[in-house]
Structures are given as structure tokens and as C-alpha cells.
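Encoded as C-alpha cells, the structure appears first; notes follow it.
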């Protein structure tokens with residue numbers, strides 16, 4: 001089984017430039033660069049959506065993704081605190097009767 005190939009951010013940006021700026025067809029560029037057409041189309045789509053944050057690399061998140069992760073962690077913490085307070089309220093309500 002073949003291992004997955006990893007491409008640098010620079011390689012992806014140059015491949016996108018080849019298609020977008022130089023007008024080379026996706027099929028021809030993919031053939032020349034030895035990547036699958038669908039992969040190159042995905043790179044072009046990602047670069048068009050957010051050129052500054054396209055292809056962040058491993059371990060680096062886009063600002064939206066980082067914010068989403070932070071909010072999910074905060075949400076989990078708040079749910080845990082809420083559940084603890086519910087249990088405490090039930091305990092003290094039962095004890096006062």
C-alpha cells in the first residue's frame with residue numbers, strides 16, 4: 001500500500017498559480033505536477049475561499065477553526081459546571097426536607 005504524499009504550502013500555492021494566473025487547465029497542470037485532478041481542484045477552491053489562510057500546514061489552524069475549538073471547550077466546561085450545580089441543588093433540597 002502506498003503512503004500518502006505530503007505537499008508543502010509553497011508547492012500548493014505554485015500549483016494554484018499555474019491554474020489561476022497562467023491559465024493552464026487543471027487537467028494539464030495535474031498531469032505535469034503528478035497529482036490527481038481532484039486534488040488540484042480542491043487546492044484551487046481552498047485558495048479562492050481564503051488565500052491568506054489557505055493550506056495552513058500540520059498543527060496550524062485557521063482562525064475560525066481555532067475559535068470554534070475554543071468555544072467547544074468552553075461549552076463543555078460550562079455544561080460540566082451546570083451539571084454539578086444541578087446535583088448540588090438536588091442534594092441540598094433533599095437534605096432540607
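Have a look at 79, 42, 12 and point out the one that is touching a residue at least 12 places away in the same chain (Cβ under 8 Å) and out of contact with any strand residue (DSSP E or B) (no Cβ under 9 Å at 6 or more places or on another chain). Can you show your working first?
Numbers: 79 fails: touching a residue at least 12 places away in the same chain (Cβ under 8 Å); 42 fails: touching a residue at least 12 places away in the same chain (Cβ under 8 Å).
Checking each option against the conditions leaves just 12.
Consider region 1-15. How many of its residues are under 24 Å from the mean Cα position of the chain (by Cα) and not in a helix (DSSP H, G or I)?
Filtering region 1-15 for residues under 24 Å from the mean Cα position of the chain (by Cα) gives 3-15.
With the extra rule that they be not in a helix (DSSP H, G or I), the set shrinks to 3-8.
Matching residues across region 1-15 total 6.
For region 16-23, does any single residue satisfy the condition of being surrounded by 11 or more Cβ atoms within 10 Å (Cβ to Cβ), part of a helix (DSSP H, G or I) and free of Cβ contacts under 8 Å to residues at least 24 places away in the same chain?
Within region 16-23, one or more residues are surrounded by 11 or more Cβ atoms within 10 Å (Cβ to Cβ), part of a helix (DSSP H, G or I) and free of Cβ contacts under 8 Å to residues at least 24 places away in the same chain.
Suppose we keep only residues that are at pLDDT below 90 and part of a helix (DSSP H, G or I) within region 31-50. Which one would you say is surrounded by the fewest Cβ atoms within 10 Å (Cβ to Cβ)?
Ranking the candidates gives 49 first.
The values are calculated or read from the model by the stated rules, or taken from the named source; none is laboratory data. Computed from a predicted model, the values in this text were never measured in an experiment. Quick reminder, even Gly has a Cβ in these numbers, built from the backbone with ideal geometry, and neighbours come from all protein chains shown.
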